[in-house]
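The values are calculated or read from the model by the stated rules, or taken from the named source; none is laboratory data. Since the structure is predicted, the reported quantities are computational estimates derived from the model, not experimental observations. Cβ coordinates were reconstructed from backbone atoms using ideal geometry, including for glycine residues, and neighbour counts include every protein chain displayed. Each accessible area value is taken on the protein alone, full model and side chains, heavy atoms only, with ligands, DNA and RNA left out. Shrake-Rupley method; radii C 1.70, N 1.55, O 1.52, S 1.80 Å.
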Amino acid sequence: MTPQQYVQQKAVASGSSFYYAFLFLPAPRRAAIAAFYAFCREVDDVVDEVSDPGVARTKLAWWQAEVAKAYAGQPTHPVMLALMPLAADYGIEQRHLQAVIDGCQMDLEQTRYLDFAGLKGYCHLVAGIVGEVAARIFGQTDPRTTEYAHTLGLAFQLTNIIRDVGEDAMLGRIYLPVSELQQFDVKAHEILKRQYSDRFTALMRFQAERAHRLYDEAFALLPDADRRAQKPGLMMANIYRTLLREIEHENFQVLHQRIRLTPLRKFWLAWKVQALGRMS
């Protein structure tokens, strides 16, 4: 299997909303986003799939060294072999990849966030930086697009947090800020035991409203000059925001299940943005 086939397989297998945005890109940009996305999956999987924190730290340290070696001209992993020939063309810098690894390391060190400011710091690394790199690959021409990409990345990550409350609880993680749990009188042990209540629903509604505000803020920040180039990001936004509305429609029943959109629906939502320029 070639490095290019490896990253393509990684992207397809994930079933992520990212994949549906790739489909409409020209081949060189599609190759770059597939390689970058595969890198993000590799390091994220270390945290999600390795049960021993010591082993996970060792693997992330290996990735830190691999990224440094790759930028010194000596990549060895298929993901880095696929990514490095494209990195300079799309402004993908070593600091971007190291920041994503730093975000994954935070998952090994921290399972709670005291307030939203602390959570935002984590989201900056695992989602804002990803948005920044994606915007460059999609064809950013205006520097103001970076702020749009970071804001949209934050909205995506908050949507993921809302969707994954139950799954994260099974791993002992609660990303909802402690100060907001207290504000709504929701106890951590209730989430860890996956217990629903009106208080929990109110807390989740508060989280969803903030995510919606961030989607609106991101769209307002996108400069007109880059609107066409950034269509793939808008496709993802259409998919993610539709998922958020689905979770709201299901009254935030996220503790015992993962609410999903079907692949066909994701494709349709992406196609609507591509062909009609319409968000749902």
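Below is a table of values for the structure above.
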| quantity | calculated |
| --- | --- |
| Cα lying deepest toward the dipole's positive end in the chain, options Ala225, Gln183, Gly153, charges on Cβ | Ala225 |
| The stretch 19-134 - accessible surface per residue (Å², probe 1.4 Å) | 41 |
| Listed values [x] 25.3; [y] 14.1; [z] 28.3, entry calculated as mean projected area of the Cα convex hull in nm² | [y] |
| Rounded to the nearest 20 debye, dipole of the chain from Cβ charges on Lys, Arg, Asp, Glu | 740 |
| Per residue accessible area in Å² of the stretch 162-205, where ligands, DNA and RNA are left out and the probe is 1.4 Å | 47 |
| Under 30 Å from the Cα of Lys231 - lysines, other chains or at least 8 residues apart | Lys10, Lys120, Lys266, Lys272 |
| Chymotrypsin sites (Phe, Trp or Tyr not before Pro) lying in DSSP loop within the stretch 199-280, provided at most 13 other Cβ fall within 10 Å | none |
| Residue range of the chain that is longest and free of trypsin sites (Lys or Arg not before Pro) which are both DSSP loop and sparsely packed (at most 15 other C-beta within 10 Å) | 1-111 |
| For the stretch 195-201, 3J(HN,Hα) per residue [Karplus equation, 6.51 cos²θ - 1.76 cosθ + 1.60, θ = phi - 60°, Hz, x = Gly/Pro] | 9, 7, 6, 4, 5, 4, 4 |
| Listed residue (Gln4, Tyr113, Ala27) projecting farthest to the positive dipole end of the chain, Cβ model | Ala27 |
